[in-house]
Amino acid sequence: MQEKITMIREYLNEVKTRCTYNAAAQAIGVKPAEFKKLIGDRNPENSWFVNTGAGEPVGYAEEEKHAELYRTDRIIKSAEVLKRNLGL
């Protein structure tokens, strides 16, 4: 499980694109609430995971967000994108 989360985290940091908790959770077969617990501490690398409505990482202070978090409006909202791009 952690291996897949690491793959997704590294991918998002590489492409510098936000992804909803729902899409990431569905891609690895867990509920969004469980996924939020599994990703660990709030830090810039994890801030690419965002809520569906606002497109923001939940509960993050500005200094915990990645400096390039808003460089694009694009947000991955489909688990299929992650599955296809990462072979999950």
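We did not get these values from a lab; they are worked out from the coordinates using the rules stated. This one's a predicted model, so the numbers in the text were calculated from it and none came from an experiment. With ideal geometry, Cβ positions are generated from the backbone for all residues, glycine too; neighbour counts draw on all protein chains shown.
If I model the chain as equal point scatterers sitting on the Cα atoms and use the Debye formula, what is log10 I(q)/I(0) at q = 0.23 Å⁻¹?
-1.17
Would you list E68, E3 from fewest to most Cβ contacts within 10 Å?
Result, fewest neighbours first: E3, E68.
Would you order R84, R18 from fewest to most other beta-carbon atoms within 10 Å of each residue's own beta-carbon?
R84, R18
Classify region 32-80 as rounded, prolate or oblate from the Cα gyration tensor: take a ≥ b ≥ c as the square roots of its eigenvalues, call it rounded if a/c is under 1.5, otherwise prolate when a/b beats b/c and oblate if not.
In terms of gyration-tensor shape, oblate.
For a footprinting-style exposure proxy, rank M7, M1 by other Cβ within 10 Å, fewest first.
Arranged by neighbour count, lowest to highest, M7, M1 become M1, M7.
What is the extension gain from T52 to E14, computed as 0.36 nm multiplied by their sequence separation minus the C-alpha to C-alpha distance, in nm to one decimal?
Gain on extension, T52 to E14, equals 11.6 nm.
Full extension from E68 to M1: what is 0.36 nm times the residue separation minus their Cα-Cα distance, to one decimal in nm?
21.4 nm
Sum up the lysine pairs in the chain that clear both bars: alpha-carbon distance under 19 Å and a spacing of 8 or more or different chains.
15
At 0.36 nm per residue, and after removing the present C-alpha to C-alpha distance, how many nm does the segment from A33 to N85 gain when stretched out fully?
Roughly 16.4 nm would be gained on extension.
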